[in-house]
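Let me begin by presenting the structure, written as structure tokens, before commenting on it.
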Amino acid sequence: MFCVYSVLIRGGQIIDGTAKPSYQADIAVYDDRIAAVAENIKEPAQVVIDAAGQVVAPGFIDIHSHTDETIFSTPLSDSKLMQGVTSEVIGNCGIGLFPTSKEHVADLENYAKVHGFVLGPDGITWEKFSDYADELTKLPLGPNLLPLVAHGALRIAVMGFDNRPPTDTEMATM
């Protein structure tokens with residue numbers, strides 16, 4: 001079957017993440033998927049990248065990121081992408097932007113601002129994760145985001161900044 005690949009990365013030193021030694025090969029991409037990895041791919045491509053002398057690797061995962069702090073002001077996360085980071089775990093250190101509740105949304109916004117978060121122009125307009133995720137789909141996101149439920153946001157959603165242990169009902173809600 002004759003195929004014109006979307007992209008052909010030619011002659012790179014491949015580190016594939018399997019712990020085997022690196023090796024030199026070509027990588028063919030069709031649409032948005034790797035279609036072939038071989039020593040010398042002959043089929044044509046719309047774009048050919050000469051990767052001789054370069055390392056080609058899968059995207060890196062930043063497991064401790066605070067990109068949820070800047071995602072609304074810098075949705076492409078250019079600085080991370082330029083370092084090879086394609087996925088980021090957010091919601092670390094108990095700091096995050098969901099869940100919230102109508103009675104405590106101002107508390108969560110203040111908590112976020114104290115930690116340097118830049119919120120969208122309308123502030124926090126969601127309550128649960130799916131609403132937050134919907135808001136993110138409106139952005140031209142660069143990285144994949146892997147959100148944790150931040151315990152600070154969870155506690156604030158249920159009991160604000162009350163400095164006391166949660167009641168049994170509040171704990172069950174959390």
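The values are calculated or read from the model by the stated rules, or taken from the named source; none is laboratory data. Here the structure is a predicted model, which is why all the values come from computation and not from measurement. So basically every Cβ, Gly included, is an ideal-geometry build from the backbone, and we count neighbours across all protein chains shown. Surface areas here come from the heavy atoms of the whole protein model, side chains and all, with no ligands, DNA or RNA. Shrake-Rupley method; radii C 1.70, N 1.55, O 1.52, S 1.80 Å.
Return the distance in nm (one decimal) between the two label points of a simple spin-label model at Leu76 and Glu43, each offset 7 Å from Cα along Cα→Cβ.
A separation of 3.1 nm, rounded to one decimal place.
Assuming a strict under-21 Å limit between Cα atoms, what lysine pair count do you get for the chain once near-sequence pairs (fewer than 8 apart, same chain) are dropped?
Taking the chain as the scope, the lysine pair count is 5.
For a quick check: with amide H placed at 1.01 Å from N, whose amide H comes under 5 Å from Gln24's, ignoring anything fewer than 5 positions away on the same chain?
Ile14
As an exercise, take the mean of 1/r over every pair of distinct alpha carbons in the chain, invert it, and state the Kirkwood radius in angstroms.
18.9
What distance in nm lies between label points placed 7 Å from Cα along the C-beta direction at Ile63 and Thr169?
4.0
At 1.4 Å probe size, with every protein chain present, just tell me what the per residue accessible area of the stretch 1-73 comes to in Å².
Spelled out: the 1.4 Å probe surface of the stretch 1-73, per residue, equals 67 Å².
Roughly speaking, to the nearest percent, how much of the stretch 1-111's 1.4 Å accessible area is carbon and sulfur?
Carbon and sulfur atoms account for 57 percent of the accessible area of the stretch 1-111.
What size of dipole, in debye to the nearest 20, comes out for the stretch 108-174 about its Cα centre when the only charges are +1 on Lys and Arg C-beta atoms and -1 on Asp and Glu C-beta atoms?
The dipole of the stretch 108-174 has a size of about 200 debye.
Let's see if you can work this out: charge +1 on each Lys and Arg Cβ, -1 on each Asp and Glu Cβ, no other charges. What is the dipole magnitude of the chain about its Cα centre, in debye to the nearest 20?
Dipole size: approximately 360 debye.
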